[in-house]
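These notes are about the structure you will find just below.
The values are calculated or read from the model by the stated rules, or taken from the named source; none is laboratory data. The model shown is predicted, which means the values in this text are computed figures rather than measured ones. Cβ coordinates were reconstructed from backbone atoms using ideal geometry, including for glycine residues, and neighbour counts include every protein chain displayed.
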Amino acid sequence: MKTVQFELNGKSVSVSANEDEPMLWVIRQQLGLTGTKFGCGSGFCGSCTVIMNGEAVRSCTLPAIEAAGTKVLTIEGLSSNGELHPLQEEFVKSDALQCGFCTPGMIMNAYGLLLKNPEPTNEEVVIAMDENLCRCGAHGRIIQAIQNAGKQMKKSVAP
Amino acid sequence: MNNDKKINKRVLGNMRNPFGMDRRDFMKRIGTGLVVAFSVGNTPLKAGMLAQDDTPGVNAFLRIGEDGRVKVYVGKIEMGQGPITSLPMEVADELDVRLEDVDMIMADTDLCPWNEGTYGSLSTRVFGEVLRGAAAKARAILVKMAAEELSLGVTELETRDGIVRSKKDSSKKITYAQLTKGKEILETSVGDVALKKTSEFRIMGTSKLRVDSREKVTGEALYAGDIQIPNMLCARILRPPSLGSKLLNVDTTQAELMEGVEVVRDGDLVAVLHPSQHIAGKAIAKVTAEWEEEKVDINQDTLFDHILEVATESRTLASEGKLEQGKEAAVKNINSTFLDPYIAHSPIETHTATAMMEDGRMKVWASCQTPYPTRDGIAEELGMDQKDVQLLPIFVGGGFGGKIYNPQAIEVARLVKLTSKPIQLVYTREEEFIYDRLRPAAVVKIDAGLDEAGKISYWDFAVHQGGGREAVHFYDIPNSRTRTLSAPRGAMGHPFYTGAWRAPSVNTNTFARESQMDILAAAAGVDPVEFRLRHLEHDPRMANVVKTGAERFGWTPAKGPSGRGHGFAVGIDVGTYVVVFVEVEVDKNTGYVQVKRAVCCQDMGMVVNPQGAILQMEGCILMGLGYALREEIQFESRKMLSTNFDSYAITQFNMAPEIDVFIVDSKDEVPYGGGEPPIVVMGGAVANAVFDATGARVFRQPLTPERVKEAMG
C-alpha cells in the first residue's frame, strides 16, 4: 500500500492504494463520490471519465498512484455552490440524457474537450466523444449540449 | 362544520386490501388525507412473467396530504424511458393541481402496491389511463367535499391549481389541503369517473423536459451501486468458463490467505468478499476451479443450421385464402431467408445489487425492471416471507428488457443471508454478457410471389426461434400464412439465455418482412413507397404514416436500386404505426455503411409528453443502428466470446445521423406504445437503403462492412 496525495475537487486528499488499484474505486469507495460510474472496467465506455491536470482520463484503468500530486476533478466538483456548470445546464436544457448512467462521464469528457477547444465543430465533438458510450441514444442531443455549453463558457469569461 | 362526518372516513370498498393490513395501519404507513387506490386489472403482456399468486387488487394509489402535496405511489421504475416525468403530468392534469405539487414514490415495495414490471411500453398505455382515472376520482371527491363545506352545488364549482372555487364568485373557495386536513379517506377507483377530453387538457400534450436531469448531471442520482453502507463488503462470484458447466472441484486457499478476504461457499455459489471492489476482484482471480464443460458444436456462423434443425414445432399464427391458389397466380416467386444473430442488451450500468439485513428484514437496492417479482424471487430463494423483503426505489441505468431478470439480486441476498453483512455485487461487463438474456437468434423464411399485375399473390412467412410478435403482415395479400417454428420442449433451442430485447421478436420479424417487400417491389419494377401503398388500400392509418414520412423525407419515386441510398421500412409495435426513412452512404471499397439522415414518423395515439416521446423515438433510431450495423454476439459452443465493448460494438457518436422525428396528430385516440416503435424498423430501413445505394441485398444482420462488400460481389 502506498499513500497517495492529490487535490480532489479543490481539496487536498490523502488515500492509501495498492500499486494497481484503479482511481475509479478510490474515488467511489475511499472518497465516497459515486457520481463517477463503473461501466466496463477496461476503458472502453467512458462512464468513469474524470479530469486529471486538465485532461479527460478513464479512471477505471488509471492506477491511483499515478494521481499523486495532480489536480483531479469529478462530476461532483463541476458545479459550485449549487449552481450548475454551463455543461450541466445545457445537458438539462437539451434533455441530453435518458437513464443518466453515462452522463457524468459524458460531461467530464466534454469538459476536457472544451478546456482545449471552447468552440468545437460538430465533427470535433464527435471525434472527442466517440469512445464514450450511450446506450439510450442521446448522441445528437449530447453533441448539441456540448456546443451550446462551449458558447456559454466563452461568454462567461469574455470581458 | 356539521357535514364533516359525512365524508370524513371511508373504508375500502370493492377491492382487496392493498397490503393485507387494516385501514388504520395503511393510513399510518402512508399518512392521512385523501387516498384513492386503483387496479390496472389484467394487462396484455403478462405471458411468461411471474404473476402474483392471485389477481392484483391494487396497483397504485395517490394521496393528497394536509400540505396539499400529491404523492403518487407506483410500482413502476425509471430507467430513462421517462415515467418520472410523464406520470405526474397525467395526475396533475386530471386532478387540477400544479405539476410541481406532485411527488412520485416509485417502486418502494413496502409502500407501493404490487406491479408486474416496467416493460412493453405499459406505463403510459395501460397504467397511465388508470392513474388518470384515480386522479379524476380524487378530484370528484374533493369537489363533493367542497360543495358541503361551501354550501354550494357540485355543478357550481370548478377546480384549478389545487383549489375548488365557485364558478361565479372566486372568493368562495377552499384548497385541497384544507379539505383533506385531518381526514382519513380511502377510496377506490374503478373507472367510474369520466376522464378529461383532449380539449380540456392543460398539461398533457405539452412538452416537458425531464424532471430527473438535475440529479443526473450532478452525479447525485443514486443507482444500485451507489448505495454505501457502513461495513459493506464487495462480492465477486466464481463463474464457469461457459454456460452449463459443472463445478468438479474448487480451491480457495490462495484467496483465503489474502488479508481481509472472506470466502463464502454455499453449494455451487462460491464467492469472495472484501471491503474493496478492487481486492475482491483480485481475490476471485486466485480461486482455482475445475469444470466439466458442456460442449455443443455451434458458433455464430453455424448457428443458423442449428436453428433450422431444432425448430420443428410449427404453430400457425394466421392464415388467409389458399397458398396454392396464390402460387398458381404468381408469375414471379421470391424465396428469401433472413438471419439474425444473438444480441445483448448492454445497458451501461451492469446488473448490480446492494443488500443488507435490518431488524430481521432484507433490504435490497437492485438495478431492476421488476422489483416485485424480484422481491418474491428473493423471498422464495431464501425461504423468507415476502413481507420481510423490501426493494427500495433507485434509478436504473438502462434496461431495454434485460433487467426484467435479476440473478444478481438473488445472489446478493443469498450472500447477505449467509454472512449477515451488507453486501454489494456489481456485475463485471463480462458477467453482464454471459448472464444477459439475449435477443434470440433467428431464421425467417419468406416465400412470396407476384402476379401479372405486380401485386403480391401469396406470402408464406415462417420465423424459426425468433418469436411471433408482429410476425403477421398487415398488407393486402389474398393468400398468406404466418407460422412460428420453435424447438420442442427439452431440446436445446438456444445455447444461451434469451429474453425480451426492446420490442421482442418485432425487430426480427420487421427486418425480414420489410426486406422482402423491398425485394418484391424491385422485382415488380415499382417504386417501393408506391408498392407499399398498393398493398395498404384497406389501412388508411398505415398509408397515412407512410405518405407523411415520405413527404417529410423528401422521397421522390424511383424503382430500386436508384443509386441514391434511400430506403425505408414500416412497422407496428404495441399499437403504434411507425415508418423510418434513411439515407445511407456506402463505401464501395470497404462496404462500410454510414447512415447520413433518418426521418421517423409515427402514429402513437394520444401523447402525454411529446418531448418524452421524441426522446424515445430518437433513442430507438440510434440504438437500432447498433443492431442493424454492428451488434452480434460471438461465441463458440456455450462459451461467450463477446465479453466487453471491444468484442461487442454498439452505436457510437460517429454513427449518429441527422435525425428528424415527427408524431402524427391523433390526440383523440387512446395512447399506444412509445418506448419501442422506431427501433423495430431500423434493420429493414438500413438494409433497403443499402440495396438502393448498391444493388446488393444483405440477408444477414448486422450489415457489417464484410457482409455488404460480399453482397456487392
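Structure notes:
- Residue within the stretch B:684-697 that is more than 26 Å from the chain's Cα centre (by Cα), modelled with pLDDT of 95 or more and at positive phi present: yes
- Single match in B:Ala500, B:Ala512 (criterion: in contact (Cβ under 8 Å) with a residue 60 or more places away in the chain, crowded, with 23+ Cβ neighbours inside 10 Å and assigned to a helix (DSSP H, G or I)): B:Ala512
- Scanning the stretch B:636-691 for residues that are surrounded by fewer than 23 Cβ atoms within 10 Å (Cβ to Cβ), under 28 Å from A:Thr121 (Cβ atoms) and away from chain A (no Cβ under 12 Å) turns up just one, B:Phe662.
- Search result, residues across the stretch A:17-47 that are part of a helix (DSSP H, G or I) and more than 7 Å from chain B (Cβ to nearest Cβ): A:Met23, A:Leu24, A:Val26, A:Ile27, A:Arg28, A:Gln30
- Those strands (runs of 3 or more DSSP E) of the stretch B:176-277 in which at least 2 residues are buried (at least 20 other Cβ atoms within 10 Å of the Cβ), out of contact with any Gly (no Cβ under 8 Å at 6 or more places or on another chain) and more than 11 Å from chain A (Cβ to nearest Cβ), considering only elements entirely within it, cover B:233-237, B:269-274.
- Filter result (of a type in the set (Val, Ile, Thr) and out of contact with any helix residue (DSSP H, G or I) (no Cβ under 6 Å at 6 or more places or on another chain)) within the stretch B:397-416: B:Ile404, B:Val412, B:Val416
Rundown of residues vs (1) in the same structural domain as B:Arg315 (by TED's automatic domain parsing); (2) part of a strand (DSSP E or B); (3) surrounded by fewer than 18 Cβ atoms within 10 Å (Cβ to Cβ), yes/no style:
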{"site": "B:Ser457", "(1), (2), (3)": "yes, yes, no"}
{"site": "B:Ala471", "(1), (2), (3)": "yes, no, no"}
{"site": "B:Leu485", "(1), (2), (3)": "yes, yes, no"}
{"site": "B:Ala491", "(1), (2), (3)": "yes, no, yes"}
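- Subset of the stretch B:613-635 [within 11 Å of another protein chain (Cβ to nearest Cβ) and among the aliphatic types (A, V, I, L, M)]: B:Ile614, B:Leu615, B:Met617, B:Ile621, B:Leu622, B:Met623, B:Leu625
- Some residue of the stretch B:597-612 being within 21 Å of B:Glu676 (Cβ to Cβ), surrounded by fewer than 20 Cβ atoms within 10 Å (Cβ to Cβ) and within 13 Å of chain A (Cβ to nearest Cβ): yes
- The C-beta contact set for the stretch B:356-374 (first residue farther than 9 Å from B:Ala409 by Cβ and touching a residue at least 12 places away in the same chain (Cβ under 8 Å), second residue among the acidic types (Asp, Glu) and crowded, with 21+ Cβ neighbours inside 10 Å, distance under 6 angstrom, 6+ apart or interchain) is empty.
- Helices (runs of 4 or more DSSP H) (entirely within the stretch A:62-159) containing at least 2 residues that are surrounded by fewer than 24 Cβ atoms within 10 Å (Cβ to Cβ) and at the interface with chain B (Cβ under 9 Å from one of its Cβ atoms): A:86-93, A:122-129, A:139-157
- Options A:Lys151, A:Lys116, A:Lys71; residue that is within 29 Å of B:Met617 (Cβ to Cβ) and either out of contact with any helix residue (DSSP H, G or I) (no Cβ under 8 Å at 6 or more places or on another chain) or assigned by TED's automatic domain parsing to the domain that holds A:Cys45 (or both): A:Lys151
- Count - residues of the stretch B:299-341 that are within 28 Å of the chain's Cα centre (by Cα) and at pLDDT below 95: 1
- If you go through the stretch B:406-446 and keep only what is closer than 24 Å to B:Arg361 by Cα and part of a strand (DSSP E or B), you end up with B:Ile423, B:Gln424, B:Leu425, B:Val426.
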